[in-house]
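These notes concern the structure reproduced below.
The values are calculated or read from the model by the stated rules, or taken from the named source; none is laboratory data. The model shown is predicted, which means the values in this text are computed figures rather than measured ones. Neighbour counts are summed over all protein chains in view; Cβ atoms, including those assigned to glycine, are modelled from backbone coordinates with ideal geometry.
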Amino acid sequence: MNKKQEIGINPLSNLHLPEGWVLGEVQDLVKIRNGYAFKSEDFNVEKGVPVIRQTNLSTDPVNFDKPKFLPEDFLENHSGYKIEKGDVLIGLSGSIGSLSTYREDFPALQNQRTGLLIENVEGSKKYVEYFLLSIKRELNEVAKGVAVQNISSKQIERWPIPIAPLEQQKRIVAEIEKQFSRLDEAVANLKRVKANIKRYKAAVLKAAVEGKLTEEWRKQHPDVEPASKILERIKTDRKERHKAQLSEWTEVVKSWELGGKKDKKPAKPRKPIDLSALSADDLGRLSALPPEWTWVKLGNCNVDVFDGPFGSNLKSSDYVEKGIRVIRLENIGELEFIDEKKTYISESKYDGLKKHTVSFGDIIFSSFIAGSTRVVSLPKQIDVAINKADCFCVRVHGETLLIRFLEMFLGTRNAYNQLAMEIHGATRPRINTTQLKECAIPLCSIAEQNAIVMEVDRKVSRLSELEKEVGANLVRAESLRQSILSKAFSRGVFNERSR
């Protein structure tokens with residue numbers, strides 16, 4: 001068995017190399033130093049020497065979104081794993097093949113499952129970096145592991161690589177960087193457009209939920225139901241709904257008794273709790289509303305707010321390939337349902353979790369409040385599902401509050417600012433259902449809510465189309481980046497052009 005077969009592929013078997021090139025292995029130009037397996041208890045310091053883990057290699061340069069530190073004396077005791085400014089690391093686990101440059105002025109230490117590129121041939125490291133970027137997909141294809149995939153430094157070192165003469169390597173690198181520079185400029189412009197779209201969407205939502213978007217509409221509809229009447233109707237609706245729930249519960253209990261009381265007695269519906277009214281200080285922190293509108297706590301509206309099953313009631317081992325859908329944090333975007341991540345539980349497991357049932361029209365709110373709120377109403381394809389513990393469900397009843405109107409407000413900075421105050425100083429930015437119920441929402445007539453939703457959807461639909469187009473162009477840019485690399489190492493195109 002030859003070395004190319006040992007790593008599981010033969011990607012360059014049909015390559016016709018330009019004159020003067022040879023087919024070698026990555027280790028002919030660089031070696032990869034493995035990191036050290038520091039113990040988890042070593043990280044129990046708030047400040048010290050930063051440690052580079054594979055999670056820090058998901059972007060270039062090395063990111064410190066979630067820094068971990070080791071005691072200061074580790075730098076001397078483990079000097080063989082020291083990282084300095086300009087060093088390039090490669091992910092060997094999770095973020096396999098991701099290349100990150102360390103750009104900090106202070107030294108760091110290299111953790112396990114990260115690899116450091118060290119030149120064997122002076123001047124060749126950048127050439128190898130670009131080659132490794134060109135085969136990132138192939139590296140992931142041969143990686144092994146179930147929960148987390150891994151690849152060894154030896155596998156990468158034995159990878160076949162077309163080796164150009166050193167001067168040609170430099171010209172190829174220069175040409176790649178020239179084309180990447182143009183591409184980076186285009187990508188930066190696309191990202192600016194994307195950011196502007198997001199800002200404009202936020203401005204539209206803010207104007208909508210503060211009544212500014214429908215100023216002309218109110219002039220043309222002076223007889224709309226005032227907020228005071230709506231609040232009275234909400235109280236009546238809540239009482240009537242509870243009365244209907246009690247009547248239904250009574251019938252269920254009778255059936256339970258006639259059946260010999262075999263199972264647990266059905267739980268009695270709870271009486272709606274009236275939360276305290278908003279104080280003058282509360283109102284002073286909120287935006288001004290039109291005279292026909294008012295602020296009201298979410299928990300005082302005709303809604304149910306509940307979370308999903310906690311702890312051992314729902315574990316990862318309960319997931320199956322098909323069955324009842326589980327709504328997870330990964331499905332909740334910013335006013336967008338993300339359907340790629342699909343998780344299921346069996347029918348029998350669902351039987352014990354039915355009280356957590358969610359479906360089309362329910363609003364799902366992420367308990368994690370970090371930078372923005374994430375909220376979405378479930379689409380039509382979600383017939384029967386359950387929500388996970390950190391995915392709160394807000395279910396709207398009656399005809400005093402539109403689902404779409406409430407969803408839009410919960411996605412605004414106004415809602416975020418209120419909820420962010422509840423988690424000030426917390427290590428994990430997470431709220432509970434009680435805090436969500438305390439969130440104040442704007443209330444206006446159902447007719448005006450309809451007018452607002454129509455106007456927002458009209459404006460946002462145009463932006464969404466533009467956003468999709470920008471997203472498609474960003475994907476094409478990444479494909480073009482890979483195409484540039486492929487040409488450089490597959491056919492020697494840049495080499496021929498540079499002669």
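Consider only pairs whose beta carbons are under 6 Å apart and that are at least six residues apart or on different chains; among these, list those whose first residue lies in the stretch 452-465 and is over 15 Å from LEU335 (Cα atoms) and whose second residue is of a type in the set (D, E, K, R) and surrounded by 16 or more Cβ atoms within 10 Å (Cβ to Cβ).
none
State whether the residues of the stretch 156-164 include one that is among the aromatic types (Phe, Trp, Tyr), surrounded by fewer than 21 Cβ atoms within 10 Å (Cβ to Cβ) and in contact (Cβ under 8 Å) with a residue 24 or more places away in the chain.
No, there is no match, as no residue in the stretch 156-164 is among the aromatic types (Phe, Trp, Tyr), surrounded by fewer than 21 Cβ atoms within 10 Å (Cβ to Cβ) and in contact (Cβ under 8 Å) with a residue 24 or more places away in the chain.
Name the residue that is farthest from ASP263 (Cα to Cα), counting only residues in the stretch 324-360 that are among the charged types (D, E, K, R) and assigned to a strand (DSSP E or B). Outline the logic, then answer.
If we filter the stretch 324-360 for residues that are among the charged types (D, E, K, R), which is where we start, we get 325, 328, 330, 334, 336, 339-342, 347, 349, 351, 354-355.
Next cut, assigned to a strand (DSSP E or B) only: 325, 334.
Numbers: ARG325: 26, GLU334: 41 Å.
So the residue we want is GLU334.
Take GLU129 and tell me if it is within 19 Å of PHE180 (Cβ to Cβ) and among the acidic types (Asp, Glu).
It is true that GLU129 is within 19 Å of PHE180 (Cβ to Cβ) and among the acidic types (Asp, Glu).
Of the residues LYS254, LYS212, which single one is free of Cβ contacts under 8 Å to residues at least 40 places away in the same chain, outside the structural domain of GLU399 (by TED's automatic domain parsing) and not in a helix (DSSP H, G or I)?
That would be LYS212, the only listed residue that is free of Cβ contacts under 8 Å to residues at least 40 places away in the same chain, outside the structural domain of GLU399 (by TED's automatic domain parsing) and not in a helix (DSSP H, G or I).
Which of the following residues is over 17 Å from the mean Cα position of the chain (by Cα), more than 25 Å from LYS342 (Cβ to Cβ) and surrounded by fewer than 17 Cβ atoms within 10 Å (Cβ to Cβ): ARG413, ARG395?
ARG413
Which numbered condition in (1) at pLDDT 95 or above; (2) crowded, with 20+ Cβ neighbours inside 10 Å is the only one that LEU402 fails?
(2)
Provide a single number: the residues in the stretch 274-305 that are touching a helix residue (DSSP H, G or I) at 6+ places or on another chain (Cβ under 9 Å), among the hydrophobic types (A, V, I, L, M, F, W, C), more than 26 Å from PRO222 (Cα to Cα) and in a loop (DSSP other than H, G, I, E, B).
Total meeting the criteria: 2.
What tally of residues in the stretch 375-388 results from selecting those that are more than 19 Å from GLU438 (Cβ to Cβ) and surrounded by 15 or more Cβ atoms within 10 Å (Cβ to Cβ)?
The number of residues fulfilling the criteria is 8.
Restricting attention to the stretch 53-105, which residues are in a helix (DSSP H, G or I) and not hydroxyl-bearing (Ser, Thr, Tyr)? Give the derivation first.
Step one: list which residues in the stretch 53-105 are in a helix (DSSP H, G or I), which gives 54-57, 74-77, 79-81.
Answer for the stretch 53-105, where residues must be in a helix (DSSP H, G or I) and not hydroxyl-bearing (Ser, Thr, Tyr): GLN54, ASN56, LEU57, PHE74, LEU75, GLU76, ASN77, GLY80.
Filter the stretch 300-321 for residues that are among the polar types (S, T, N, Q) and in contact (Cβ under 8 Å) with a residue 40 or more places away in the chain; which is surrounded by the most Cβ atoms within 10 Å (Cβ to Cβ)?
For the stretch 300-321, the residue satisfying everything is ASN300.
Determine, yes or no, whether GLN149 is closer than 23 Å to LYS39 by Cα, surrounded by fewer than 19 Cβ atoms within 10 Å (Cβ to Cβ), touching a residue at least 40 places away in the same chain (Cβ under 8 Å) and in the same structural domain as PRO18 (by TED's automatic domain parsing).
Working: closer than 23 Å to LYS39 by Cα: yes; surrounded by fewer than 19 Cβ atoms within 10 Å (Cβ to Cβ): yes; touching a residue at least 40 places away in the same chain (Cβ under 8 Å): yes; in the same structural domain as PRO18 (by TED's automatic domain parsing): yes.
Yes; evaluated as a whole, the condition is true for this residue.
Just to check your reading of the model, which residue among LEU419, LEU463 is closer than 18 Å to ILE363 by Cα and assigned to a helix (DSSP H, G or I)?
LEU419
In the stretch 43-81, which residues are over 15 Å from SER93 (Cβ atoms) and either basic (Lys, Arg) or outside the structural domain of THR101 (by TED's automatic domain parsing) (or both)?
LYS47, LYS66, LYS68
Go through the stretch 18-42 and give me each residue that's farther than 17 Å from SER93 by Cβ, surrounded by 16 or more Cβ atoms within 10 Å (Cβ to Cβ) and of a type in the set (A, V, I, L, M, F, W, C).
TRP21, VAL26, LEU29, VAL30
With respect to LEU231, is the statement that it is in contact (Cβ under 8 Å) with a residue 24 or more places away in the chain and in a loop (DSSP other than H, G, I, E, B) true?
Numbers: in contact (Cβ under 8 Å) with a residue 24 or more places away in the chain: yes; in a loop (DSSP other than H, G, I, E, B): no.
No, not satisfied.
When the stretch 452-469 is examined, which residues are found to be of a type in the set (A, V, I, L, M, F, W, C) and within 15 Å of ARG199 (Cα to Cα)?
Within the stretch 452-469, VAL456, VAL460, LEU463, LEU466 qualify.
Looking at the stretch 361-404, which of its residues are closer than 23 Å to GLU347 by Cβ, part of a loop (DSSP other than H, G, I, E, B) and among the polar types (S, T, N, Q)?
Answer for the stretch 361-404, where residues must be closer than 23 Å to GLU347 by Cβ, part of a loop (DSSP other than H, G, I, E, B) and among the polar types (S, T, N, Q): just GLN381.
Can you find, within the stretch 216-225, the residue that is farthest from ALA415 (Cα to Cα) among those that are in a helix (DSSP H, G or I) and free of Cβ contacts under 8 Å to residues at least 40 places away in the same chain?
GLN220
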